[in-house]
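The values are calculated or read from the model by the stated rules, or taken from the named source; none is laboratory data. Just so you know, these numbers come straight off a predicted model, no measurement behind them. With ideal geometry, Cβ positions are generated from the backbone for all residues, glycine too; neighbour counts draw on all protein chains shown. The accessibility values were calculated without ligands, DNA or RNA, using every heavy atom of the protein model including side chains. Shrake-Rupley method; radii C 1.70, N 1.55, O 1.52, S 1.80 Å.
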Amino acid sequence: MDRSAARLNVPTPVASGPSAEATLRHVDRLINSNHYTSPSRTIYSDRFIPSRSASKFALFDIASLPEGRDDSSSAYTTLLRTALFGPDAAGLAPPLTPQKTASPPMTLPSRNIFRYKTETRQSMHSLSPFMCDDSVPGVNHGPVKAPRKVPRSPFKVLDAPALQDDFYLNLVDWSSHNVLAVGLGNCVYLWNACSSKVTKLCDLGIDDLVCSVGWAQRGTHLAVGTSNGKVQVRVYALISIAFTDSYQGFPKDGQIWDASRCKKIRSMEGHRLRVGALAWSSSLLSSGGRDKNIYQRDIRAQEDFVSKLSGHKSEVCGLKWSYDNRELASGGNDNRLFVWNQHSTQPVLKYCEHTAAVKAIAWSPHLHGLLASGGGTADRCIRFWNTTTNSHLSCMDTGSQVCNLVWSKNVNELVSTHGYSQNQIIVWRYPTMSKLATLTGHTYRVLYLAISPDGQTIVTGAGDETLRFWNVFPSPKSQVIYSFKDREKQFVMWIALRLSHTRNCIPISLTRDTLNSL
């Protein structure tokens, strides 16, 4: 082998002198770093093993252990035994084994070691995963929030004579102007929830009966379906002017003047038999009848109907438009649930899982395309559908005939009313479908259901000829409240809009000086 090649494998000798000695010490320190101890500070390893020499045991009221003794394993074992079997087991020694000799038990302090001293201003939760120390003052252990309580009794009961006990009818609806419409026999009555005033809207005569009522979204038009197959549309106008004594020339004592006007604007034909279901989508009115057909009617057009939807094999008893007015859900006595779009004359989705009539239909206001439906006596189930993906989500057996469904606008909950055999009202939390409350009081099937404009109150009707009002849902988290109770604070009126020139104008409170300055 060549000498020059052999020379390459030989390390270059280090020069002698002070610099060479420093280099050797540095190399030796790197090689034996695990055994090197700095005279000035304590070095912690990357395994995060605490050094007892640097621990401040006095902070936790624990006496320091004797040096040269490592009882970390024994301390952990004793602590675990205390957590599992109580403080009385802390002093028990573990059983002897051939590899282990008896040793005096280690006595732990009575207080939790993971706790600051009382001198500190803040307290900590006990870090034990098994139990909490309730003796520590000022410590909040975060109890689980109690479920919302729903009153079990109605706060108002109204007599409703001649309210029919017919599963296929829809005789109660609540408008956005807080006016309740009820069909009683051959008459329609209006009950103003603000003033409790009752108004007789119409009388169909001795040869006809009211089979359905339905308010338009704006609360100005009421549709009435009759047993003769006609659909009447009546306009309801309500003008409310509120006055206080805050401005010269206005009446005093917070008087409210109401002027209501009820007038039939047209009567539309098409159905050969009774009309038991109605649903509005802006100016478009959908009606379902016993003749198995659904008619789409535009109240602005001269024709009685603009299209006819065919698909059901029996009476149509449930109709609901989605909140975006793009989909119409219909249920019938043929146990079918159909979904239509705005322009279809044939159903775009068909669901056949129910085994009884589908009257109860409700669209979720929280999730687009979420539809709930309920079946009759032979079915007793509430089913959930995703019309966007055309999928069946879940099913809940309620044990009773499902008559109505309505979603809460304020929280993700819904309420169902039932007939045979329990005649109950159930408030559900979605999607777990856990029962928040079961309300009883009706002695007949709870066939009718409507919800108030604020989304807090429901009204139920039954063949026992009563209307019962229940507070079942919480108030919305954010809402604008106009209060007229404080007479020193002025009422909010349309004049406030004149004082705001921004696009998103905010109503302001008018004071005496503001009104006088106009």
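I need the full set of residues from segment 420-430 which are hydrophobic (A, V, I, L, M, F, W, C) and surrounded by fewer than 18 Cβ atoms within 10 Å (Cβ to Cβ), in order please.
As a first pass, look at segment 420-430 and keep what is hydrophobic (A, V, I, L, M, F, W, C): 425-428.
Within segment 420-430, none qualify.
Quick one: in segment 441-485, of everything that is in contact with a Gly (Cβ under 7 Å, 6 or more places away or on another chain) and modelled with pLDDT under 95, which residue is least open to solvent (accessible area, probe 1.4 Å)?
That would be PRO476.
Scanning for something outside any strand (DSSP E or B) and in contact with a His (Cβ under 9 Å, 6 or more places away or on another chain), does segment 200-213 turn up at least one residue? Steps first, answer last, please.
Kept after step one, since they are outside any strand (DSSP E or B), are these residues of segment 200-213: 204-209.
Checking which are in contact with a His (Cβ under 9 Å, 6 or more places away or on another chain) leaves us with none.
Within segment 200-213, not a single residue is outside any strand (DSSP E or B) and in contact with a His (Cβ under 9 Å, 6 or more places away or on another chain).
What do you reckon, is VAL348 farther than 27 Å from VAL415 by Cβ and under 32 Å from the mean Cα position of the chain (by Cα)? Give the steps one after another, and end with the answer.
Numbers: farther than 27 Å from VAL415 by Cβ: yes; under 32 Å from the mean Cα position of the chain (by Cα): yes.
So VAL348 fits the description; yes.
Residue by residue, here is whether (1) open to solvent by 60 Å² or more (accessible area, probe 1.4 Å); (2) under 15 Å from the mean Cα position of the chain (by Cα) holds:
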{"site": "THR377", "(1), (2)": "yes, no"}
{"site": "HIS392", "(1), (2)": "yes, no"}
{"site": "CYS395", "(1), (2)": "yes, no"}
{"site": "GLY399", "(1), (2)": "no, no"}
{"site": "THR432", "(1), (2)": "yes, yes"}
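Looking at (1) under 20 Å from the mean Cα position of the chain (by Cα); (2) surrounded by 17 or more Cβ atoms within 10 Å (Cβ to Cβ), can you tell me which one PRO365 breaks?
(2)
Starting from segment 366-394, take each residue that is under 12 Å from ALA356 (Cα atoms) and list its partners that are aromatic (Phe, Trp, Tyr) and at pLDDT below 95, counting only C-beta distances under 6 angstrom and pairs at least six apart or across chains.
Between residues of segment 366-394 that are under 12 Å from ALA356 (Cα atoms) and residues that are aromatic (Phe, Trp, Tyr) and at pLDDT below 95, the close pairs are THR377/TYR420.
State all residues of segment 149-170 that are in contact with a Ser or Thr (Cβ under 7 Å, 6 or more places away or on another chain) and either of a type in the set (S, T, N, Q) or crowded, with 19+ Cβ neighbours inside 10 Å (or both); if no residue qualifies, say none.
Of everything in segment 149-170, those that are in contact with a Ser or Thr (Cβ under 7 Å, 6 or more places away or on another chain) and either of a type in the set (S, T, N, Q) or crowded, with 19+ Cβ neighbours inside 10 Å (or both) turn out to be ALA160, LEU169, ASN170.
For (1) modelled with pLDDT under 95; (2) open to solvent by 50 Å² or more (accessible area, probe 1.4 Å); (3) part of a loop (DSSP other than H, G, I, E, B); (4) among the β-branched types (Val, Ile, Thr), each residue gets a yes or a no:
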site: THR118; (1), (2), (3), (4): yes, yes, yes, yes
site: SER128; (1), (2), (3), (4): yes, no, yes, no
site: ASP133; (1), (2), (3), (4): yes, no, yes, no
site: PRO147; (1), (2), (3), (4): yes, yes, yes, no
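Tell me, which strands (runs of 3 or more DSSP E) wholly within segment 286-337 include 3 or more residues that are buried (at least 20 other Cβ atoms within 10 Å of the Cβ)?
Correct list: 294-298, 316-321, 327-332.
If I ask for residues that are of a type in the set (S, T, N, Q) and at pLDDT 95 or above, which ones from segment 282-306 would you list? Spell out the reasoning first.
Applying the first criterion (of a type in the set (S, T, N, Q)) to segment 282-306 yields 282-283, 286-287, 293, 296, 302.
Listed by number, the residues that qualify are SER286, SER287, ASN293, GLN296.
Can you tell me which of (1) over 24 Å from LYS320 (Cα atoms); (2) open to solvent by 20 Å² or more (accessible area, probe 1.4 Å); (3) in contact with a strand residue (DSSP E or B) (Cβ under 8 Å, 6 or more places away or on another chain); (4) not charged (D, E, K, R) is the one CYS194 doesn't meet?
Among (1) over 24 Å from LYS320 (Cα atoms); (2) open to solvent by 20 Å² or more (accessible area, probe 1.4 Å); (3) in contact with a strand residue (DSSP E or B) (Cβ under 8 Å, 6 or more places away or on another chain); (4) not charged (D, E, K, R), CYS194 violates only (3).
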